[in-house]
């Protein structure tokens with residue numbers, strides 16, 4: 001869709017990346033550590049200073065104490081962390097429960113490792129998990145359950161009740177939870193991020209994935225990290241060592257220093273809520289319907305009052321004809337979906353959002 005948007009000069013609210021500059025200070029810090037000679041391989045697990053800073057942050061936010069040496073690894077983005085965790089633990093004929101719509105890297109990694117995706121579909125407009133159905137799908141072959149909160153593409157969040165139900169389901173089993181929490185700091189309307197790290201019994205059986213890219217608007221730097229109990233992390237590192245080995249050294253030192261100012265993530269909810277509200281304000285008078293996003297920087301728009309066509313066709317036609325690009329939500333399902341919903345990214349400057357809103361109101 002980004003390629004198509006570029007070909008037709010469309011306003012691109014499709015792919016999820018900010019179009020505004022990063023904080024110049026972060027760039028200067030990278031330059032600083034390059035100049036100081038931090039340009040060779042970092043330790044495979046990540047530089048100690050960064051790992052120590054991150055476990056302190058997690059302790060402060062979620063109350064879980066992770067060992068900086070044995071329970072955290074710096075990764076080349078969240079997607080690599082997810083792929084490596086799946087590769088380390090999912091083997092031939094293992095079943096992995098995941099929820100559709102799902103971020104598109106989960107299922108391919110499962111299948112590449114001989115695992116079997118067990119899909120549970122979520123439905124518009126609430127996209128809530130039916131935990132009784134999860135109980136029915138879990139069996140002795142279930143190796144892993146993958147969750148994502150805040151959710152891409154839906155913009156929904158999991159609640160305390162959700163995490164409590166998940167904790168009950170895996171209790172007494174050896175099922176591993178892989179929790180994708182890359183949008184941990186982007187929640188709206190004063191809602192709290194329910195990290196798996198808040199739930200001791202759940203955290204004991206879980207990997208948790210985070211992203212610097214989403215937090216600091218540096219998606220192209222591909223930097224993230226993963227937390228998990230030492231026994232699981234030991235397995236993770238057996239794969240990580242040979243598919244990545246280590247991550248960008250000067251960037252790790254720069255992020256360590258940059259993190260010292262906590263306002264650089266505590267202000268994110270307000271920052272992105274203003275963008276969500278600004279984008280939705282541009283759509284007043286349009287023929288779309290929506291539920292405001294609860295988290296992430298994505299907003300779903302229902303277009304059933306505008307067109308009866310399938311979402312893939314609509315997304316492509318609007319890119320070519322109207323010069324505005326969203327992502328069809330059906331592509332996040334294993335076999336497509338008939339809902340008339342497109343995903344739009346509002347991590348854009350106001351000028352871009354205003355222009356997109358003007359076009360969308362005219363459709």
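The values are calculated or read from the model by the stated rules, or taken from the named source; none is laboratory data. Just so it is clear, the model here is predicted, and its values are computed rather than measured. FYI the Cβ positions are ideal-geometry reconstructions off the backbone, even for glycines, and counts take in every protein chain you see.
Being closer than 21 Å to residue 197 by Cβ and part of a strand (DSSP E or B) is the filter here, so list the residues in segment 134-167 that pass it.
144, 145, 146, 147, 148
Please go through segment 1-27 and give me each residue that is out of contact with any strand residue (DSSP E or B) (no Cβ under 9 Å at 6 or more places or on another chain), surrounded by 12 or more Cβ atoms within 10 Å (Cβ to Cβ) and part of a helix (DSSP H, G or I), ordered by number.
Matches in segment 1-27: 25, 26, 27.
Quick grid of which residues meet (1) at pLDDT 95 or above; (2) surrounded by fewer than 18 Cβ atoms within 10 Å (Cβ to Cβ); (3) not in a loop (DSSP other than H, G, I, E, B):
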{"residue": "264", "(1), (2), (3)": "yes, yes, yes"}
{"residue": "276", "(1), (2), (3)": "yes, no, yes"}
{"residue": "279", "(1), (2), (3)": "yes, no, yes"}
{"residue": "292", "(1), (2), (3)": "yes, yes, no"}
{"residue": "301", "(1), (2), (3)": "yes, no, yes"}
{"residue": "317", "(1), (2), (3)": "yes, yes, yes"}
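For a quick check of your reading: which strands (runs of 3 or more DSSP E) sit entirely within segment 36-133 and have at least 2 residues that are crowded, with 21+ Cβ neighbours inside 10 Å, in the same structural domain as residue 209 (by TED's automatic domain parsing) and in contact with a helix residue (DSSP H, G or I) (Cβ under 8 Å, 6 or more places away or on another chain)?
Filter on segment 36-133 gives 72-75, 95-100.
Run down 214, 238 and say which single residue is over 24 Å from residue 29 (Cα atoms) and not in a strand (DSSP E or B).
Matching residue, one of 214, 238: 238.
Is it true that some residue in segment 168-175 is under 14 Å from the mean Cα position of the chain (by Cα), outside any loop (DSSP other than H, G, I, E, B) and farther than 24 Å from residue 70 by Cα?
No, every residue in segment 168-175 fails to be under 14 Å from the mean Cα position of the chain (by Cα), outside any loop (DSSP other than H, G, I, E, B) and farther than 24 Å from residue 70 by Cα.
Assuming residue 282 fulfils every condition listed in (1) within 22 Å of residue 40 (Cα to Cα); (2) over 22 Å from the mean Cα position of the chain (by Cα) apart from one, which condition is it?
Result: residue 282 fails condition (1) only.
Name the residues in segment 337-363 that are within 14 Å of residue 124 (Cβ to Cβ) and loosely packed, with under 15 Cβ neighbours inside 10 Å, would you?
Answer for segment 337-363, where residues must be within 14 Å of residue 124 (Cβ to Cβ) and loosely packed, with under 15 Cβ neighbours inside 10 Å: just 338.
Going by what's in this entry, would residue 182 be described as assigned to a loop (DSSP other than H, G, I, E, B) and assigned by TED's automatic domain parsing to the domain that holds residue 54?
Details: assigned to a loop (DSSP other than H, G, I, E, B): yes; assigned by TED's automatic domain parsing to the domain that holds residue 54: yes.
Answer is yes for this residue.
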